[in-house]
């Protein structure tokens, strides 16, 4: 039991590093918040989001992808280790990565190996959400940037430099960054707590539903603070990549990016409990604003954008393959009964 919790904490540290970028890169890129304040604020809001709005996604990751009866300490340890390795590679590269996609792929691997794969949840709900929501984020940001914000600015209705530098606008941007962190808590903390909750129920052979609330809050209390630790370790490099190096955007654009990406993620969490990539929603919004301002050619000449797409492709594959290989080893050395 101890090993999965320790691996869950290690995973949460990596998730915190990856999640800092979509939370605070907009505010950081617009120079309205100090770097030293970000880990603490991020950790608090992640905890609140997981506590108040993370239940549906935790249920999906604990029961919706794999048979809940298979959720034991060995399987959960394999999944967490596989996800953490893929995220560690992305974090060292300074590229924000989808924790949710890596976690889902790591959970799918044992079902493929044991031939218990149920495609309905994955192909009818999760995968469509992964493709549709970033597209919506991009389109909304592009429309707002090109047909609302840019025309207003050209006509002089936008906001003068005095308003752009006002404390009110800076405060709004910080509030929106906290809103993004809350949305991360509602969705991404479940990548660790969902499997841990179901594992604990199975380990102690508890009656389903009777102790779920207590176990859920206990898991969140352990996992959520690790997000802040990860933010302090990995956050700076990743925020530089998304906040400073993709595009130099102003504070109004930063507010648009934060609001659109967080709202879409929160909807995915509350309505269907679908584990979704806020990283991709955020970068899609940044690219949408960037194309509205600079055009397609200029924004895709930015080298970090191409690197992002490459890492988004290989990290879930690494997670899946690592999980599949470890499950094979467990089976080969007759530890199968633990499943």
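The values are calculated or read from the model by the stated rules, or taken from the named source; none is laboratory data. For clarity, every value in this text was computed on a predicted model and none was experimentally measured. Positions of Cβ are backbone-derived with ideal geometry, glycine not excepted, and every protein chain shown enters the neighbour counts.
Checked against (1) crowded, with 23+ Cβ neighbours inside 10 Å; (2) not in a helix (DSSP H, G or I), residue 106 meets all criteria but (2). When you check residue 203 against the structure, is it within 17 Å of the chain's Cα centre (by Cα), at pLDDT 85 or above and over 20 Å from residue 15 (Cβ atoms), yes or no? In short, no.
If residue 274 meets every condition in (1) surrounded by fewer than 22 Cβ atoms within 10 Å (Cβ to Cβ); (2) at pLDDT 80 or above apart from one, which number is that one? Of (1) surrounded by fewer than 22 Cβ atoms within 10 Å (Cβ to Cβ); (2) at pLDDT 80 or above, only one is false for residue 274: (1).
Can residue 95 be described as under 16 Å from the mean Cα position of the chain (by Cα) and not in a helix (DSSP H, G or I)?
yes
Here is the figure for the range 29-57: residues that are part of a loop (DSSP other than H, G, I, E, B) and either touching a residue at least 12 places away in the same chain (Cβ under 8 Å) or surrounded by 23 or more Cβ atoms within 10 Å (Cβ to Cβ) (or both) total 4.
So, residue 184, is that one at pLDDT below 95, assigned to a helix (DSSP H, G or I) and under 20 Å from the mean Cα position of the chain (by Cα) or not? Spelling it out, residue 184 is indeed at pLDDT below 95, assigned to a helix (DSSP H, G or I) and under 20 Å from the mean Cα position of the chain (by Cα).
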